[in-house]
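**Q** My structure is below; once you've seen it, I'll send some questions.
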């Protein structure tokens with residue numbers, strides 16, 4: 001069940017964030033908030049926890065953007 005919920009949350013998060021109109025700073029803000037919430041919901045420390053399932057795609061996307069580091073530093 002956790003896997004099903006994780007996949008649904010991942011699709012929703014990626015669908016709302018990963019489009020040309022979203023700025024890197026907006027994506028980072030939502031990503032950070034999602035991490036905070038998911039740590040409260042699922043405090044497991046294994047590699048396949050809800051946090052990794054839900055945020056893996058966004059994390060990979062942010063690594064590919066050229067301005068991610070600049071946005072993190074300016075925050």
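No value in this document is a laboratory result; all are computed from the given coordinates. Because the structure is a prediction, the values reported are computed rather than measured. Please note: Cβ atoms are built from the backbone with ideal geometry, for glycine as well, and neighbour counts cover all protein chains shown.
**Q** Using the alpha-carbon atoms, what tilt in degrees (0 to 90, nearest 10) does helix 24-41 show relative to the longest principal axis of the chain?
**A** Tilt relative to the chain: about 20 degrees.
**Q** I need to check one value: relative contact order of region 2-74, counting alpha carbon pairs closer than 8 Å and at least 6 residues apart, in percent.
**A** 47 percent
**Q** Then there's this: What is the fewest-to-most order of 41, 73 by other Cβ atoms lying within 10 Å of their Cβ? Please report the intermediate quantities before stating the final value.
**A** Working: 41 14, 73 7.
Ranking 41, 73 by Cβ neighbours within 10 Å, fewest first, gives 73, 41.
**Q** Express in nm, to one decimal, how much length is gained between residue 59 and residue 29 on full extension, taking 0.36 nm for each residue of separation and deducting their alpha carbon distance. All intermediate terms of the calculation are to be shown ahead of the outcome.
**A** Numbers: separation 30, 0.36 × 30 = 10.80 nm, distance 1.23 nm.
The span from residue 59 to residue 29 would gain 9.6 nm if fully extended.
**Q** Using only alpha carbons, build the gyration tensor for region 2-74 and give me the equivalent ellipsoid semi-axes, biggest first, whole Å.
**A** Those come to 22, 13, 10 Å.
**Q** Pop the C-beta distance of residue 16 and residue 75 into the FRET formula with R0 = 25 Å and round what comes out to the nearest 0.05.
**A** On the way: r = 21 Å, r/R0 = 0.82.
Efficiency for this residue pair is about 0.75.
**Q** Now for a separate question. Which value in nm describes the separation of the simple spin-label points at residue 52 and residue 67, placed 7 Å from the Cα toward the beta carbon?
**A** Spacing of the two 7 Å Cα→Cβ label points: 3.2 nm.
**Q** On a 0 to 90° scale, report how tilted helix 50-64 is relative to the longest principal axis of the chain, with both axes built from alpha carbons and the result rounded to the nearest 10.
**A** That helix lies at roughly 20 degrees to the long axis.
**Q** Using alpha carbons only, how many degrees (0 to 90, rounded to 10) separate the axis of helix 2-17 from the longest principal axis of the chain?
**A** Helix 2-17 and the main axis of the chain meet at about 20 degrees.
**Q** At 222 nm, what value in deg cm²/dmol follows for the chain if DSSP H runs of at least 4 each add -39500 (n - 2.57) and the sum is divided by all its residues, to the nearest 500?
**A** Helix contribution divided over all residues of the chain: -24000 deg cm²/dmol.
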